[in-house]
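First up is the structure itself, then whatever we jot down about it.
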């Protein structure tokens with residue numbers, strides 16, 4: 001296998017705003033693009049041309065095996081001067097006597113894609129945005145095996161967007177590209193952050209179609225699910241909260257007042273607006289402990305102390321489990337209408 | 001094959017037939033829905049360099065086969081616009097009674113069509129007629145919708161007019177969702193609108209600072225029991241600052257609410273009653289409100305949507 005330098009650099013013109021945005025972010029976050037050595041396969045019979053005009057000499061057969069889209073494309077009668085599967089490829093030309101297929105992806109994405117097609121060391125980026133762009137490319141070209149490989153690798157590396165901006169950006173990008181799995185994961189992650197213009201910032205510009213409306217609907221459903229769960233926890237007759245009925249410092253027939261207050265405060269906040277960051281199930285344990293400690297310190301409640309020692313851990317686990325279940329139970333199918341143009 | 005043309009326009013039948021079948025017609029414009037308009041091409045050529053070029057290209061070279069109407073043998077120029085839009089457009093080109101479409105969507109499409117054909121004078125004429133509409137084409141209740149459509153059509157002026165009216169609505173995701181506005185706007189258009197609101201707020205903040213220290217704000221009531229460092233009643237200072245954060249609070253109701261909260265005693269704060277503000281005269285309030293309105297107007301007029309917004313979807 002030989003690696004040849006065959007690169008010309010020109011300003012890529014992204015076909016979509018979102019793609020351009022994503023790619024410009026990638027080029028900002030990495031200096032790799034100008035130094036990519038495109039794999040040049042021996043006896044190649046087609047040239048893939050990236051949006052930034054890097055040429056990848058590959059085999060039609062390999063592309064055909066990885067993607068029914070390319071299989072169909074190459075099974076069509078060959079035109080005399082170009083390959084084309086749709087308008088996107090309509091402007092294709094010949095490069096060094098080989099048919100050239102222009103791609104809207106940049107060289108880095110295309111390079112990563114090619115490494116996943118051949119028995120050579122595969123390159124899956126460690127950066128979430130870049131990995132997501134690779135998933136999007138494999139999705140676009142119907143390369144299911146490649147897509148599964150990239151997703152599996154992302155999962156094994158626990159690759160996920162970390163900041164508020166990165167999460168909203170990932171949601172917008174995944175939504176625009178029809179990556180349902182990534183869109184739903186990102187939507188879930190956005191719940192930990194406020195859904196405001198300020199927190200979404202410029203990432204909002206990448207939200208195509210009804211992505212914003214769908215995200216708001218999803219968030220409201222999650223909010224409603226949490227409220228419903230918290231309301232059920234207020235019921236002193238039903239587990240897991242029934243253990244807290246009997247606190248001597250609680251004058252009315254209900255669960256211990258400190259726990260009642262904790263849960264009620266969350267219900268009130270959640271009902272107030274859905275745009276604040278939603279309650280994190282994992283944060284309830286710490287809040288429970290703080291409220292209990294304050295209660296015991298104030299009134300020396302032996303009942304609550306005993307209940308906590310006997311059942312506190314199991315109660316916290318149950319609360320967290322119920323809250324997670326409430327979020328998991330939100331049907332994303334009814335929240336997300338999928339990619340569409342306005 | 002051309003269709004017989006019936007339109008729900010308000011123009012008189014004689015005007016319509018004049019547009020559709022002008023006695024001095026020397027060209028046929030055919031709509032995408034196959035309505036034909038026989039018109040003198042001089043009007044079209046004078047109005048639009050784009051159509052002039054199109055007509056010229058249909059006329060050259062002279063001896064090649066040019067599509068013609070089978071009955072009149074006039075050259076036919078096929079356009080991508082609907083018959084309803086074309087008849088309205090022609091009513092602003094040919095000397096007949098101008099005919100604005102009945103819906104906002106069609107009016108915007110008409111404006112876009114005139115803009116597409118670079119009909120500058122016609123565009124001005126249409127906008128003049130639109131401006132005289134009662135009720136106005138762009139209103140508070142349809143501002144977000146018109147903004148969205150105007151952005152998609154690339155109609156900067158209408159998009160700006162609509163964007164100004166959206167200032168009357170609190171710009172938060174929660175409020176917009178509750179009002180169903182997220183069903184109207186894509187993220188990209190909403191982002192552009194949010195940036196516009198941001199710039200207006202920044203401008204307002206700057207203008208209010210000058211207004212409170214030098215303008216009518218500084219002279220409204222020195223006898224208030226609680227004055228800010230610049231000798232302006234604190235409640236007024238707070239109210240004006242709140243407009244800079246949320247321009248939708250700029251209305252007389254909010255102003256009077258703020259005044260009432262300050263001047264009328266409550267059960268909790270009986271001692272904080274401000275008699276001076278409570279008896280402020282209507283004249284004082286009117287004068288102040290007019291001055292404040294001028295400042296707000298000035299700020300809003302100085303801000304417009306970004307010209308580089310990549311929102312032209314059509």
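The values are calculated or read from the model by the stated rules, or taken from the named source; none is laboratory data. Quick caveat: nothing in here was measured; it's all calculated off a predicted structure. A quick note on method: Cβ atoms are made from the backbone with ideal geometry, for glycine too, and the neighbour counts reach across all protein chains shown.
If you go through the stretch A:201-211 and keep only what is in a helix (DSSP H, G or I), at the interface with chain B (Cβ under 8 Å from one of its Cβ atoms) and surrounded by fewer than 21 Cβ atoms within 10 Å (Cβ to Cβ), you end up with just A:202. The set of residues from the stretch A:173-193 being surrounded by 21 or more Cβ atoms within 10 Å (Cβ to Cβ), in a helix (DSSP H, G or I) and in contact (Cβ under 8 Å) with a residue 40 or more places away in the chain comprises A:173, A:174, A:175, A:176, A:177, A:182, A:183, A:187. For the stretch B:112-140, a residue qualifies if it is surrounded by fewer than 16 Cβ atoms within 10 Å (Cβ to Cβ) and in a loop (DSSP other than H, G, I, E, B), and the qualifying residues are B:118, B:132, B:133, B:134, B:135, B:136, B:139. Note on the stretch B:212-228: among residues that are modelled with pLDDT of 75 or more and out of contact with any strand residue (DSSP E or B) (no Cβ under 7 Å at 6 or more places or on another chain), the one that is nearest to residue B:291 (Cα to Cα) is B:212. Evaluate the stretch B:189-205: report whether one residue or more is part of a loop (DSSP other than H, G, I, E, B) and buried (at least 20 other Cβ atoms within 10 Å of the Cβ). Within the stretch B:189-205 (the criterion being part of a loop (DSSP other than H, G, I, E, B) and buried (at least 20 other Cβ atoms within 10 Å of the Cβ)), the answer is no, since none of the residues qualifies. A single member of B:53, B:109 is at pLDDT 90 or above, within 27 Å of residue B:144 (Cα to Cα) and assigned to a helix (DSSP H, G or I), and it is B:109. So, in the stretch B:176-188, of the ones that are more than 7 Å from chain A (Cβ to nearest Cβ), free of Cβ contacts under 8 Å to residues at least 40 places away in the same chain and in contact with a helix residue (DSSP H, G or I) (Cβ under 7 Å, 6 or more places away or on another chain), which residue ends up surrounded by the most Cβ atoms within 10 Å (Cβ to Cβ)? Taking the candidates together, the pick is B:176. Checked against (1) farther than 15 Å from residue B:89 by Cα; (2) at pLDDT below 85, residue B:33 passes all but condition (2). Filtered by the rule that a residue be touching a residue at least 12 places away in the same chain (Cβ under 8 Å) and closer than 16 Å to residue A:192 by Cα, the stretch A:253-270 gives A:266, A:270. Quick check: is even one residue across the stretch A:246-266 away from chain B (no Cβ under 14 Å), under 30 Å from residue A:168 (Cα atoms) and out of contact with any helix residue (DSSP H, G or I) (no Cβ under 9 Å at 6 or more places or on another chain)? For the stretch A:246-266, residues away from chain B (no Cβ under 14 Å), under 30 Å from residue A:168 (Cα atoms) and out of contact with any helix residue (DSSP H, G or I) (no Cβ under 9 Å at 6 or more places or on another chain): present. Would you confirm, using the coordinates I've provided, whether residue A:221 is crowded, with 21+ Cβ neighbours inside 10 Å, closer than 30 Å to residue B:170 by Cβ and within 14 Å of chain B (Cβ to nearest Cβ)? Spelling it out, it is not the case that residue A:221 is crowded, with 21+ Cβ neighbours inside 10 Å, closer than 30 Å to residue B:170 by Cβ and within 14 Å of chain B (Cβ to nearest Cβ).
Among the residues of the stretch B:101-111, those identified as buried (at least 18 other Cβ atoms within 10 Å of the Cβ) and either without any contact (Cβ under 8 Å) to a residue 40 or more places away in the chain or on the phi > 0 side of the Ramachandran plot (or both) are B:107, B:110.
Here's the yes/no breakdown for (1) at pLDDT below 90; (2) within 11 Å of chain B (Cβ to nearest Cβ); (3) buried (at least 17 other Cβ atoms within 10 Å of the Cβ); (4) outside any loop (DSSP other than H, G, I, E, B):
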{"residue": "A:142", "(1), (2), (3), (4)": "no, no, no, no"}
{"residue": "A:166", "(1), (2), (3), (4)": "no, no, yes, yes"}
{"residue": "A:195", "(1), (2), (3), (4)": "no, yes, yes, no"}
{"residue": "A:199", "(1), (2), (3), (4)": "no, yes, yes, yes"}
{"residue": "A:213", "(1), (2), (3), (4)": "no, yes, yes, yes"}
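Selection within the stretch B:159-175: residues that are free of Cβ contacts under 8 Å to residues at least 24 places away in the same chain and part of a helix (DSSP H, G or I). The member of this set that is farthest from the other protein chains (Cβ to nearest Cβ) is B:161.
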